[in-house]
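Below is one structure, written out as structure tokens; the observations come after it.
A short reminder: the numbers here are calculations on the coordinates, not readings from a lab. Predicted model, so just to flag it, every value in this text is computed and none were measured.
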Ligand SMILES: [Zn+2]
């Protein structure tokens, strides 16, 4: 798979230290099943983090970091070898889904926009969901208070940062304002996790916020 957009060093560092929300960890583990380059970087970071932790605080945290990496790697290997429960997505996501992507109980949010929620926590704590966007859909311009990870599973979209297709991950901090547009005739399905809700700009965006809320 030809991946153009990767996880940032900061994100991989937090991941190897076990410091991220579990929903963000799922998105990262899914990207790692696609991406050898990020897997190798995570390995190298783990050596560094491990060495630092070894001098300060022995086994407990060190084990967590190592376990996370090993888990992600074994998920990647299992993905290659065994048939996952839902076979059209990476295994860390597939085991959270009751059915293949197109058969899920998608909820319509707006014309051309459907979502499947993977978490029932209040949206003020962030989101963990799949979005299904029809060709030509333009999302409201928005930014985030905190980290947002988006992994494209099907189709593609473009925004101010670039073009994102299957396997690509958008690893966005709070300094990015963007407006994704689905740019092919195929629906775009993406897995999204945030640590806090988005901040929509503009009147339409503010109207949309209660509905989209990611
Ligand atoms: Zn990558």
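Quick rundown of the values:
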| quantity | calculated |
| --- | --- |
| For the stretch 99-181: Kirkwood Rh in Å [reciprocal of mean 1/r, alpha carbons] | 13.8 |
| Relative contact order, percent, the stretch 148-198 [alpha-carbon distance under 8 Å, six or more residues apart] | 49 |
| Potential extension, residue 184-residue 44 segment - 0.36 nm per residue separation minus Cα distance | 46.8 nm |
